[in-house]
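Below is one structure, written out as structure tokens; the observations come after it.
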């Protein structure tokens, strides 16, 4: 893997701090299209841990800063400033959904998820859940859309909570088992498959 010769953690942190300019909320990285300056020795493991030079980044504020400028293009991930774009490796999904808050209202159920970088995401039509088959097993891996084609893997404990909240519905002409939030239904698996394990 090629590495950038001039950007270290301190340089990136400084550039990001300057780019944020005291702005609240995620920077508008979708509007930034700087030149590619190489790959960093940075990796997000499947458990959500960020590594730099094979060492875990232990400062949550630093991880949150990097996460705020993460950008995905096709299947590649980058940290982006207004002037530079550096590639990083992501083993699975860049975020982890670690907490679930269920609200009931007159409009129906709302599922709110907290990610490992302390973002709260309200599941619904704009922030969908998807369920992928685990290779070689009958298990499912759930993911939550966070922003800009970036997804959070839902922890196994929260997946069991979602199953408890699940229901059968007709979806695209087939009986499916899934979960509802903000009026949107997110299918997990065919209902007949779920009934076998009931």
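Fully extending the segment from residue 53 to residue 169, taken as 0.36 nm per residue of separation minus the present Cα-Cα distance, adds 37.0 nm. Among 151-157, 166-172, sorting by the average number of other beta carbon atoms lying within 10 angstrom of each residue, highest first, gives 151-157, 166-172. Between segment 35-68 and segment 95-145, the alpha-carbon centres lie 23 Å apart.
In terms of its alpha-carbon gyration tensor, segment 95-187 comes out oblate; a/c meets the 1.5 threshold, while b/c is at least as large as a/b.
If I take R0 = 30 Å and measure r between the Cβ atoms of residue 134 and residue 30 in this structure, what FRET efficiency does the formula 1/(1 + (r/R0)^6) give, to the nearest 0.05? With a Förster radius of 30 Å, E is 0.45.
Just so you know, all these numbers are worked out from the coordinates, no wet-lab data involved. Quick caveat, the model's predicted, so the values are computed rather than measured. Using ideal geometry, Cβ is built from the backbone for each residue, glycine included, and neighbour counts are taken over all protein chains shown.
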